[in-house]
Amino acid sequence: MAALGGLLACSTADTGADGSGDTAADDTGDGVSTAGDDDDDDDAEGPDDDDDTGPDDDDDDDDTGPGDDDDDDDDDDDDDTVPDPIPDECITDVTPGHHVFSCNGFDFDLELPPQCLESPCGLVVDVHGFTMSADMQDQNTSMRALGIEHGYVVVQPNANPDPPNSSWSEADDEVVFDFAMRTANAFHLDDNRLHFTGFSQGGFMSWRFLCKYADTFASIAPAGACGMAVQPGCDPASSNLAGTPHILFVHGTADVPVPYACAEPQRDSVLAAYGISGDPEVVETTAEHRWNRWSSDAGVDVEMIDHDYTASSMVLGGHCFPGSPDLTVDLPGQSLPYGCDPISPLVWGEVAMQFFIDHPKP
């Protein structure tokens, strides 16, 4: 894979973080991408890399794979493996398992499945909302376990200060993007399978990443976040997007902090930006949720799930994670449970992960 270099100086501390809840969405602004690719590195690029690291590499030694060009002049038999990880000043431990890395003043929870040291994996960045933490986000999405199951490194950043006062702003986007790119570089991740999701303030960051880094991510899945007025300069329809990643958007019709009135205009802005019109395909309809899909001629999918589920707190209403078991306050700094109550048959974490699996870059 083309190595994706780190952008900013990081501390070498490897520290933990604790978590808390999410009740508002007030992120603003847009930014510019400052990412750069390191074109002269020899890291693996995935299945079709010319460095003999992918299953269909044309320079393999056995001359049996599809597309083999019979140019094999090396003795490398490990077509399905990746090079050793490359630690840096932020990612200091490259062993499998759960780590918390301190980088540019933020703590990042990182889950590294063991298989990602043997074959190319994808990446999921999963961002919490206001008052929350990485641990609380994972309690609602189960993304760490899903990453281990399906072969994705999972990065969950922690906003400052500590919960329940943790909050994201547009100024934090570059730091989060930098750490995502460091992770992709360190573990030679498949750059056709880099994905981004977030809830509430993390959902607003997801939309901003569409405007800033659309050429980097294969798909983006915002949850409980909408309204171009609170993210100036990031209206997809009027932005010059660098790419068209697949979009999965979920929003509650009874959402209190982020009312549903902005959800359909947000979706329509994406459809306009992608040049998609016409009626959607119905993916699933129940008494509590509607799931529709619009597809472009180029095969790019925009999907939206609107649901009627609600949290136990009237402060949140439909500002909750469908299918989440987070129904009590039990993490340090947690102010509210963010699972829809009762637990719904639609499980947001599983739906998002399956969307990522099904939607790599072409």
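Odds and ends about this structure:
- Residue within the range 224-231 that is buried (at least 22 other Cβ atoms within 10 Å of the Cβ), of a type in the set (S, T, N, Q), closer than 21 Å to residue 170 by Cα and in contact (Cβ under 8 Å) with a residue 24 or more places away in the chain present: yes
- Residue 292 free of Cβ contacts under 8 Å to residues at least 24 places away in the same chain and either surrounded by 14 or more Cβ atoms within 10 Å (Cβ to Cβ) or small (Gly, Ala, Ser) (or both): yes
- Output for the range 128-172, where each listed residue is of a type in the set (S, T, N, Q), in contact with a Ser or Thr (Cβ under 6 Å, 6 or more places away or on another chain) and in a strand (DSSP E or B): 158
- Only a single item in (1) assigned to a helix (DSSP H, G or I); (2) under 22 Å from residue 129 (Cβ atoms); (3) open to solvent by 10 Å² or more (accessible area, probe 1.4 Å); (4) not aliphatic (A, V, I, L, M) is not met by residue 185, and it is number (2).
- Pairs with Cβ under 9 Å, 6+ apart, first in the range 80-104 and closer than 23 Å to residue 142 by Cα and assigned to a loop (DSSP other than H, G, I, E, B), second open to solvent by less than 60 Å² (accessible area, probe 1.4 Å) and among the β-branched types (Val, Ile, Thr): 91/183
One line per residue, one yes/no per condition, for (1) open to solvent by less than 60 Å² (accessible area, probe 1.4 Å); (2) among the hydrophobic types (A, V, I, L, M, F, W, C); (3) within 30 Å of residue 274 (Cα to Cα):
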position	(1), (2), (3)
296	yes, no, yes
311	yes, yes, no
316	yes, yes, no
319	yes, no, yes
344	yes, no, no
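- Unmet requirement for residue 326, which otherwise passes all of (1) in contact (Cβ under 8 Å) with a residue 60 or more places away in the chain; (2) open to solvent by 50 Å² or more (accessible area, probe 1.4 Å): (2)
- Residues of the range 232-272 classified as among the aliphatic types (A, V, I, L, M), open to solvent by 20 Å² or more (accessible area, probe 1.4 Å), within 16 Å of residue 300 (Cα to Cα) and not in a helix (DSSP H, G or I), total: 2
- Residues that are farther than 16 Å from residue 353 by Cα and either in contact with a Pro (Cβ under 7 Å, 6 or more places away or on another chain) or part of a loop (DSSP other than H, G, I, E, B) (or both), drawn from the range 113-127: 114, 117, 118, 119, 120
- Only residues that are under 21 Å from residue 93 (Cα atoms), crowded, with 24+ Cβ neighbours inside 10 Å and not aliphatic (A, V, I, L, M) were counted in the range 145-163, giving 5.
- Among the residues making up the range 256-304, those that are in contact with a strand residue (DSSP E or B) (Cβ under 6 Å, 6 or more places away or on another chain) and among the small types (Gly, Ala, Ser) are 263, 295.
The values are calculated or read from the model by the stated rules, or taken from the named source; none is laboratory data. It should be emphasised that the depicted structure is a prediction, and the values quoted were computed from it without experimental measurement. Here Cβ is always computed from backbone atoms with ideal geometry, including for glycine, and neighbour counts include all displayed protein chains. The area values use the complete protein model at the heavy-atom level, side chains included, leaving out ligands, DNA and RNA. Shrake-Rupley method; radii C 1.70, N 1.55, O 1.52, S 1.80 Å.
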